[in-house]
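Here's the structure, in structure tokens; my notes come after.
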Amino acid sequence: MGTLFSDLASQFHQSFIEADRWQRYLAGIGVSFTVTLGALCIGVILGILVAVIRTLHDQQRSTDRRVLLGIINKICEFYTTVIRGTPMMVQLLIMGFVIFRSSRNLVGVAILSLGINSGAYTAEIIRSGIMSIDPGQMEAGRSLGMDYITVMKDIIIPQAIKNILPALGNELITLFKDTSLVTVIGLTDLTKAAQQIQAKTYQAFMPYIGIAIMYLTVVMILTKLQGILERRMRQSDRR
């Protein structure tokens, strides 16, 4: 037993303490957070745009079909189908080594790739939230002289966000965990930092167990914050 603890202590020292290797993990998790937040912004913006366009198309009257809106809706459908139907890693490889093969801004490529991927899932989440709102609220807003975008922005989407908050929270957590895939394009995130340290120390146990604990800790914190936000929103509804 003493030998086991001694061996683990030695591995811990080599993987985290020696040569200030803990700084690599710290820098790596900083990159992971940067990619997550950047991708989240792109994903939410894309998701709202696609969801609004598809909802507007679906809510058209059969006698008032607009050709341009139909074309844009088909583009949105194609986007969500392709992104949701192909693996995230394959999308990263295409973005990193085909579309942006000459770019050295790996953080930007990672943010864009994960943001586009997240946008497709967020769009469906938001669209389901919008469709859950009573259609009478849209009709009431339009009868008061408000245009479609204003009704969506001021009435429908704020209510939909409350309904889909748990799903959006899960998407954020999934997005953070998906940052581990950016190693395939050479970006030094938390997972890549562990791989580099493992290559130097020839010790796989401690670096990989260490980053697993780090990912788990962040996910638990995000889950806790999500729960607090949901409770506060429910309390505001009661008032």
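Scoring residue 118 on the criteria (1) of a type in the set (Gly, Ala, Ser); (2) touching a residue at least 60 places away in the same chain (Cβ under 8 Å); (3) at positive phi leaves a single failure, condition (3). The residue that is nearest to residue 35 (Cα to Cα), counting only those in region 105-117 that are part of a helix (DSSP H, G or I) and polar (S, T, N, Q), is 113.
Among the residues of region 184-204, is there at least one that is aromatic (Phe, Trp, Tyr), over 20 Å from residue 95 (Cβ atoms) and either within 18 Å of the chain's Cα centre (by Cα) or at pLDDT below 90 (or both)?
Yes, because at least one residue in region 184-204 is aromatic (Phe, Trp, Tyr), over 20 Å from residue 95 (Cβ atoms) and either within 18 Å of the chain's Cα centre (by Cα) or at pLDDT below 90 (or both).
Looking at 86, 179, 122, just one residue is crowded, with 21+ Cβ neighbours inside 10 Å and either among the basic types (Lys, Arg) or farther than 24 Å from residue 234 by Cα (or both), and that residue is 179. Among the candidates 224, 162, 200, 192, the residue that is within 30 Å of residue 104 (Cα to Cα), charged (D, E, K, R) and surrounded by fewer than 17 Cβ atoms within 10 Å (Cβ to Cβ) is uniquely 200.
The values are calculated or read from the model by the stated rules, or taken from the named source; none is laboratory data. Keep in mind the model is a prediction, meaning the values are calculated, not measured. A quick note on method: Cβ atoms are made from the backbone with ideal geometry, for glycine too, and the neighbour counts reach across all protein chains shown.
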